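Every number here is computed from the coordinates shown, using simple stated rules; none is lab data. Remember, predicted model here, so these are calculated numbers, not experimental data. All Cβ positions, even for glycine, are placed from backbone atoms using ideal geometry, and neighbour counts span all protein chains on display.
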Amino acid sequence: MSESTFDTYLREIQRYNLLTADEEKALGRRVQNQDVDHIDAAIARDELIRSNLRLVVSVAKRYRNRGVALADLVEEGNIGLVHAVEKFDPTMDTRFSTYATWWIKQAVRRSLMNSAKTVRIPGYLLEELARWRNFARKFEQEHGRGPSNDELVAGMDPQPGRRKLLLRLFKTTGPRNESVSLDVLFESVDAIVDPRAERPDLIDFAAWEREGLIDRIDQLPERERDIIRLRYGIGAVERPLTLREIGREIGLSRERVRQLEHQAINRLRTWFDAPRGPRGAGR
């Protein structure tokens, strides 16, 4: 897509109205009814897609300057949007945009893995990798062999959410290598939890982050922690609860539960996005 064509596309998609939650669910039910009326289902499918094209652009912009043109990222994101429309379950207690964002991100990331060859490793990770290599050299001098993965982790005691990432970087980069293939940083789409689960929000965390996700959830303020556990069926919870059910459980309105859930997820994302200091810092 040329730059002028893309600019025209961006102007064109502004014409499509955004949907309310009820409209999304109504269209979703019509899409699911394709065996009965495939023409109406196709019309509903097209409307649900058109009304969320701006969402694709918004998501794609987060991945700019990684070696792939924004127009190409948007095209790939649109493929993810189509998958979301086909798989959306209108009985889920979630907005379509929340559900679709997961699919759009996966499509964009897959495009980055296939098209952009390398990315620069952040400085704080390079420093941590240097410490890992120093440990490995000393270990080899003392034992006559290199350390195993378990011995590396035991010796370095990394943050739980970084263990897998650092191991993969340690194995795939050399001492002077400051860039890495994107597929080292992004898990394959197939390895990520099935997004047809009731809530895809927490699933959106990368696989290497999810390893430490439970640990971070335990550090949330008590009310936020309880809401996240109930909402996603974590721990001794038998099944994920709806916002309304959680509200009845802890004596809050549905809207207040939604706000606290959103606040907790943003807090978790901030923790994972920020460079780590010494272990325990910021807790």
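Could you run the Debye sum over the Cα atoms of the range 3-116, one equal point scatterer each and no solvent, and tell me log10 of I(q)/I(0) at q = 0.10, 0.13, 0.15, 0.18 Å⁻¹, two decimals? Values, matching the q order: -0.30, -0.50, -0.65, -0.88. Going by the alpha-carbon gyration tensor, a ≥ b ≥ c the square roots of its eigenvalues, is the range 3-52 rounded (a/c under 1.5) or, if a/c is not under 1.5, prolate (a/b greater than b/c) versus oblate? Cα axes put the range 3-52 in the oblate bin.
Order 214-221, 41-48 from most to least packed using the mean count of other Cβ atoms within 10 Å.
Numbers: 214-221: 14.9, 41-48: 17.6.
For the peptides 214-221, 41-48, the packing ranking is 41-48, 214-221.
Candidate cross-link partners of K164 among the lysines, defined by an alpha-carbon separation under 27 Å and a same-chain spacing of 8 or more, comprise K105, K117, K138.
Starting from the Cα-Cα distance between D215 and R62, subtract it from 0.36 nm times their residue separation and give me the gain in nm to one decimal. Walk me through the numbers on the way to the answer.
Details: separation 153, 0.36 × 153 = 55.08 nm, distance 2.69 nm.
52.4 nm is the gain from fully extending D215 to R62.
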